[in-house]
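The values are calculated or read from the model by the stated rules, or taken from the named source; none is laboratory data. From a predicted model like this one, the values you see are computed outputs, not experimental measurements. Positions of Cβ are generated from backbone atoms using ideal geometry, with glycine treated the same way; all protein chains shown enter the neighbour counts. What goes into the accessible areas is simple: the full protein's heavy atoms, side chains included, and nothing from ligands, DNA or RNA. Shrake-Rupley method; radii C 1.70, N 1.55, O 1.52, S 1.80 Å.
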Amino acid sequence: MARASHKEKILTVGMQVVHAHGFAGASVRDIVQAAGVPQGSFTNHFASKEAFGLEVIDLYFANARKTISETLRNDQLPPLQRLRAYIDAGIDRLNKNHMRDGCLLGNFAAEASGWSEPIRQRLNDVFDEIQQSLAYCLRAAVKAGELDAHLDSEEMAGFIVSSLQGANLLAKAQLNPAPGERFRDLLFSAILPRIHAAKASL
């Protein structure tokens, strides 16, 4: 009789350990002890800690994709409502542990992308997918007349990704959701409306 695989448990629990302690700070021993499995189970399923890290990123982003599907790419909702819902969902997710853990993607980018080319590239792919979903939503907002037709949706989407990541890092350092909330409020009260008003006045 084949032994049950511990891979899913190692990944699920290991993601929590990495999120709480950082990728470097979470040893293989920490991960298997938290998962309640033998240490040999780790090497049975992962060729290296780097390979484990790549799968953790994929697992974390699989959950994020659900949020993207329900918000940015949900054509049943008005586009700017989708955008606000996406940002709010991110703030709520980080606030579940009072901002102590931050965004796992941002944590990996700050900690591991400098020494691991596969992790760096995987993060770039993930951030690019997020940017493309934001651009999709912004283009829908332009089409719906919620934003000015001259808006560069790709550039604005890139600005939103980088701004949110910066806000997430500050929120983690300050243990306060205010940086993300401040960006959200300014985006909707000043940045996006200002683009529309400036073009309309030409």
Average Cα contact separation per residue, region 24-122, under 8 Å, 6 or more apart, as relative contact order %: 22
Where does the chain land at 222 nm, in deg cm²/dmol rounded to the nearest 500, when only DSSP H runs of n ≥ 4 count, each adding -39500 (n - 2.57), divided by all residues? -23000 deg cm²/dmol
Charges at C-beta only: +1 for Lys and Arg, -1 for Asp and Glu. How large is the resulting dipole of region 1-88 about its Cα centre, in Debye rounded to 20? 100
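Largest first, what is the accessible-area ranking of 12, 43, 71 with a 1.4 Å probe?
The ordering from most to least exposed comes out as 43, 12, 71.
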Convert each backbone phi in region 113-119 into a coupling constant with the Karplus relation 6.51 cos²θ - 1.76 cosθ + 1.60 (shift: θ = phi - 60°), then list the ³J(HN,Hα) values in order as whole Hz, x for Gly and Pro. 5, x, 10, 10, 5, x, 5
Using the Karplus curve 6.51 cos²θ - 1.76 cosθ + 1.60 with θ = phi - 60°, what ³J(HN,Hα) values do you get for each residue of region 144-156, in whole Hz, with x for Gly and Pro? 7, x, 7, 9, 5, 5, 7, 4, 7, 5, 5, 5, 5
Considering the options 119, 61, 6, tell which one lies farthest towards the positive end of the dipole of the chain, charges being +1 on Lys and Arg and -1 on Asp and Glu at the Cβ, about the Cα centre. 6
Heavy-atom accessible area per residue - the chain, 1.4 Å, Å²: 53
Quick calc, the chain, dipole around Cα centre from Cβ unit charges on Lys, Arg (+) and Asp, Glu (-), nearest 20 debye, gives 420
In sequence order, what are the phi-derived ³J(HN,Hα) couplings for region 37-51 according to the Karplus relation 6.51 cos²θ - 1.76 cosθ + 1.60 with θ = phi - 60°, rounded to whole Hz, with x for glycine and proline? 10, x, 4, x, 5, 5, 6, 5, 10, 10, 5, 6, 5, 4, 4
Tell me the relative contact order for the chain as a rounded percent, counting alpha carbon contacts under 8 Å between residues six or more apart. 20
Calculated P(r) of the chain - Cα pairs past 25 Å, %: 43
I want to check a number: in the chain, how many lysine pairs have alpha carbons closer than 28 Å, given a sequence separation of 8 or more or different chains? 15
Kirkwood Rh and Cα Rg combined as Rg/Rh, region 53-155: 1.02
Could you put 10, 191 in order of accessible surface area, largest first, with the 1.4 Å probe and the full protein assembly present? 191, 10
Quick one: putting +1 on the C-beta of Lys and Arg, -1 on the C-beta of Asp and Glu, what dipole do you get for region 50-149 around its Cα centre, in Debye to the nearest 20? 320
